[in-house]
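So the structure is just underneath, and the comments pick up after that.
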Amino acid sequence: MPGGASAEPALHQPANVGDAKNAATRYHDDGGYGRDIDAVTKAAGRWIARRAGEVARPAMVFDIDDTALSNWQVIEDDDYGRIIGGPCPALPERACGWAAWDLRAGTPAIVQTLALYREAKRLGIAVFFITGRGESQRGATVRNLAATGFGGYDGLAMVPRGAHFASAADFKAPQRAAIEAKGFRIIANIGDQPSDLAGGHAERRFLLPNPFYRIP
Ligand SMILES: [Mg+2]
């Protein structure tokens, strides 16, 4: 080789997934995740407190998974795998299918979002959930929301049986339009995925952190 120079070929690989998992776990465990949730929910709280009294029928939209309810346990137990099917044994450090996890109806609240939700209700804001969960999970989802303190909502929109959307936004944005068509003004929409927020039909959008998975 001329000059003895090493000839390491230039690679074009993206970020290492293992490094990304380690960084995401550190972010969760060192409190950064919680602090970022604090920051976003507090910003949303300031906005709705200011805006609620200025519109006739204010409404707020909440996503469910990793917005209202925390899936951290299954994320960690599955080492960031997001396999929908399969059982979810009630044991830690065992692979757990996400659909079965949802049906256990034991997903804990994200406490900052619960505080925001309660504040919205106290302010007289109508509260709506729009989720990518399917209608087949309605019973478990209703029980889970009730058990964690998310009661008294004005609507819970779930993906109809057999429906499939390339992006969650293709389901969620028309659902927000339907809320507006009932005469509400959506002053805030909060979710953990950009696809929760894309497509308009909300005055302000609040994106919670989620480096753990992506919903297109
Ligand atoms: Mg979500």
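The values are calculated or read from the model by the stated rules, or taken from the named source; none is laboratory data. Keep in mind the model is a prediction, meaning the values are calculated, not measured. Every residue, glycine as well, gets a Cβ built from its backbone with ideal geometry; the counts of neighbours run over all protein chains shown.
Being under 26 Å from Ile190 (Cα atoms), of a type outside the set (Val, Ile, Thr) and more than 16 Å from the ligand (Cβ to nearest atom) is true for just one of Ala44, Ala52. Which residue is that? Result: Ala52 is the single residue among Ala44, Ala52 that is under 26 Å from Ile190 (Cα atoms), of a type outside the set (Val, Ile, Thr) and more than 16 Å from the ligand (Cβ to nearest atom). Taking the range 139-162, which residues are aliphatic (A, V, I, L, M) and in contact (Cβ under 8 Å) with a residue 24 or more places away in the chain? Selection gives Ala140, Leu145, Ala147, Leu156, Ala157, Met158, Val159. With respect to Ala120, determine if the residue is assigned by TED's automatic domain parsing to the domain that holds Gly53 and closer than 20 Å to Ile215 by Cβ. Spelling it out, it is not the case that Ala120 is assigned by TED's automatic domain parsing to the domain that holds Gly53 and closer than 20 Å to Ile215 by Cβ. In the set Arg161, Arg138, only one residue is in a loop (DSSP other than H, G, I, E, B), in the same structural domain as Pro58 (by TED's automatic domain parsing) and either under 16 Å from the mean Cα position of the chain (by Cα) or of a type outside the set (Asp, Glu) (or both); that residue is Arg161. Look at Ala49 and say whether it is assigned by TED's automatic domain parsing to the domain that holds Ala178, in contact (Cβ under 8 Å) with a residue 40 or more places away in the chain and surrounded by fewer than 19 Cβ atoms within 10 Å (Cβ to Cβ). Taking the combined requirement at face value, the residue satisfies it.
The condition (being hydrophobic (A, V, I, L, M, F, W, C), out of contact with any Asp or Glu (no Cβ under 7 Å at 6 or more places or on another chain) and under 26 Å from Thr107 (Cα atoms)) is satisfied by just one residue among Phe184, Phe165: Phe165. Restricting attention to the range 166-216, the residues that are part of a loop (DSSP other than H, G, I, E, B), in contact (Cβ under 8 Å) with a residue 24 or more places away in the chain and within 16 Å of the ligand (Cβ to nearest atom) add up to 14.
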